[in-house]
Amino acid sequence: MPVALIALAISAFGIGTTEFVMMGLLPNVAGDLGTTVPTAGHLVSAYALGVVVGAPLLTALGSRLPRKRMLLLLMALFTVGNLASALAPGYGWLLAGRVLAGLPHGAFFGVGAVVAARLVRPDRQARAVATMFLGLTVANILGVPAATLLGQHLGWRATFVVVGVIGLVALAALARLVPELPVDERQGLGRELRALGRTQVLLGLLTAVLGFAGVFAVYSYLASMTTEVMGFGESTVTIVLALFGIGMTGGALAAGPLTDRAPRPTLYGSLAALAVTLVAFRFTVHVPWLALVTVVVLGAVGFMTTTPLQMLVMEKAKDAPTLASASNHSAFNLANAGGAWAGGAAVAAGWGWTSPALVGAGLAAAGLAVAVVAGLLDRREGGTGEGASHVVARSPLAGREAGVRTPVSPASGS
């Protein structure tokens, strides 16, 4: 794999850490800023709002920029947002800092996925994208627990200072390791918008919203399930979340080669497995050791959906994949918000702490139904979604990395 993927993974590690660490710091932030924990919870939503708005907006604004320069600008904005959060004098300023830090999230992953795919041979593109996403999963194993402990002992501001430093390291790695890639002269906003409006792209985004909402219907309340249903103490919550992160990493590692071979079957299988696992969790959560095993499996099958979804959306917007790729991360954050709301509504209705698992299973099944409809339409239209995922033309550098000579068409920058 090209060393440029290391820079993308480091960046993903920083982004994943700042995205999820706020959940563990809410009591500290609320106490320091003199507000309530529910009010401080809006800081989580503020970041998600930044992602949803920033992914299409910043991608559109940077549609004609060289991809390496775009990555550097997005990581710089991420770093500024985290340092601004660390220096925020009050709640309102922290809220603004969280929105600012979230703005480049989706655009970075969207552009980064296209760059990763262009650096390798067509039969390894999904593995390259999954390698970038490994930084996100490792953040849930190491970054989030470590940053949470740091914030609890040295104050929440220290956490955002450290994430800002990670951003600076990522900037240096991107500048040093990511090559300059040729730009397609036809690349532009109009072309990206037309690609985004294709039926298969929109169905892919809807699959992400519904399917991944099933994961967050449970993940959002996993801490409460750990103490209220599994019977563990609060000190075990970090371990349970880390187990979920380990599952995510395993899922990411498996999803790459599977998606390279057969993207749609991988998506169908992962969504079906997610629905089944969520139904099983409704019962295994009452048996502590089985609950922990199921948490790992849940993280694995949940995150296995991300790579085939990313690759299929990019494939169906092949001649202009960047905006569609970025919008996929807006879809994942809508899934975050929607899944948390649906799971919370079930608990508020008095259905118990295990009810989000059944709600999540229903959402995963709905996502699978949309994915199957998209697959049937693709077959009717003569698509190739059942085969290997060849998303974008390679950079000339990819041929050199692989030791082969690769002709590149004039449209290779899309």
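Summary of values
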{"read-out": "Rg/Rh (Cα only; Kirkwood hydrodynamic radius) as it applies to region 119-218", "value": "1.06"}
{"read-out": "Radius of gyration, Dmax [region 1-128; alpha carbons; angstrom]", "value": "16.2, 54"}
{"read-out": "Alpha carbon convex hull of region 269-316, projected area averaged over orientations, nm²", "value": "3.1"}
{"read-out": "Centre separation in Å (Cα based) which lies between region 1-17 and region 282-360", "value": "22"}
{"read-out": "Euclidean distance of C-alpha centroids, region 66-113 and region 20-53, integer Å", "value": "16"}
{"read-out": "Fraction in percent of alpha-carbon pairs per bin - 5 Å, region 245-301", "value": "5, 21, 24, 23, 15, 8, 4, 1"}
{"read-out": "Tensor-based shape of the chain (alpha-carbon gyration tensor, a/c under 1.5 rounded, otherwise prolate or oblate)", "value": "oblate"}
{"read-out": "Integer Hz, Karplus 6.51/-1.76/1.60 couplings in order for region 73-79, x for Gly and Pro", "value": "5, 5, 5, 5, 5, 4, 5"}
{"read-out": "Förster radius 35 Å - calculated FRET efficiency between T39 and V165, Cβ distance, rounded to 0.05", "value": "0.80"}
{"read-out": "The chain, accessible area per residue, ligands and nucleic acids excluded (1.4 Å, Å²)", "value": "37"}
{"read-out": "Region 109-174 - convex hull of the alpha-carbon atoms, volume per residue in Å³", "value": "82"}
{"read-out": "In nm, spacing of pseudo-spin labels at T236 and L376 (7 Å Cα→C-beta vector)", "value": "4.4"}
{"read-out": "Computed Rg/Rh of region 27-97, alpha carbon atoms with Kirkwood Rh", "value": "1.08"}
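The values are calculated or read from the model by the stated rules, or taken from the named source; none is laboratory data. All values derive from a computational prediction rather than experimental measurement. Ideal geometry is used to build each Cβ from the backbone, glycine not excepted, and the neighbour counts take in all protein chains shown. Quick note on the areas: whole protein, heavy atoms, side chains included, nothing else; ligands and nucleic acids left out. Shrake-Rupley method; radii C 1.70, N 1.55, O 1.52, S 1.80 Å.
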